[in-house]
Amino acid sequence: MTVIVAPGMRVLALVLWAASVALVPLALVGDGSPWLAPIPSVFIAFLAWAVLWRPRIELTPDALRVVDVRRTSTYAWKRVTEVRTKYGLEVVTSEGVRRTWIATRPTARLAAHRPGGTVRLTVDGAADEVRAMVPAAAVQDGPPPASVTAAPIAHRAHGWSVLALIVLGLVGAMAAAQL
């Protein structure tokens, strides 16, 4: 399995995690409320994980999995028709166009983690990795079959993480309002 990630986003996530950890002792030592920093720090740490660390593209022998902030989409390779890079990494399926979170611009720097090691990629290089897995269109020399079983496309919403971001953001804002 190959996993394509954005290393720059992951470095920023590490910086935010370090900052959120450093804020907690500072708030506990200060004269303010002891809850002033831990709640916003948890929000920042969770936001860094959900928005910067978790997004990725997984290439398996059976399917393409795109993990973004709001949802995880799994596309059987038969349903992937094209991969475009004009405005970033876009996957075209029979369902439509899906822009990926990790490459929203054509100049994004990516990395592919595979069993043999990690390789740095451009958006075009990542698109070539995905295109290499897309099967060639089947030649049809006759009428279509009477019944066809569609290859699966599955979407799983990240509802709990979006809800956690909203709740932690509100609680963090309320804690910060007590300044």
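The values are calculated or read from the model by the stated rules, or taken from the named source; none is laboratory data. All figures in this text were calculated on a predicted structure; none of them were measured in a lab. Here the Cβ is made from the backbone with ideal geometry for all residues, glycine too, and neighbour counts use every protein chain on show. Just the protein is used for accessible areas: all its heavy atoms, side chains included, with ligands, DNA and RNA removed. Shrake-Rupley method; radii C 1.70, N 1.55, O 1.52, S 1.80 Å.
Which residues in the stretch 37-56 have a backbone N closer than 19 Å to a point placed 7 Å from the Cα of A19 along the Cα-to-Cβ line?
Flagged as within label range: 37-55.
Can you send over the carbon and sulfur percentage of the accessible area for the stretch 48-179, probe radius 1.4 Å, protein chains only?
60
Restricting the calculation to Cα positions, tell me the Rg (one decimal) and the Dmax (whole number) of the stretch 90-140 in Å.
For the stretch 90-140, the Cα radius of gyration and maximum Cα-Cα distance read 13.0, 39 Å.
Quick one: if you stick a label point 7 Å off each Cα along the C-beta vector at V29 and R114, how many nm between them?
In this crude spin-label approximation the distance works out to 4.8 nm.
Ignoring ligands, DNA and RNA, what accessible area per residue does the stretch 68-110 give at 1.4 Å, in Å²?
Accessible area per residue: 54 Å².
Given (i) 23.1, 91; (ii) 16.7, 50; (iii) 20.8, 80 as candidate values of Rg and Dmax of the Cα atoms in Å, which corresponds to the one derived from the coordinates?
Label (iii) holds the value from this structure.
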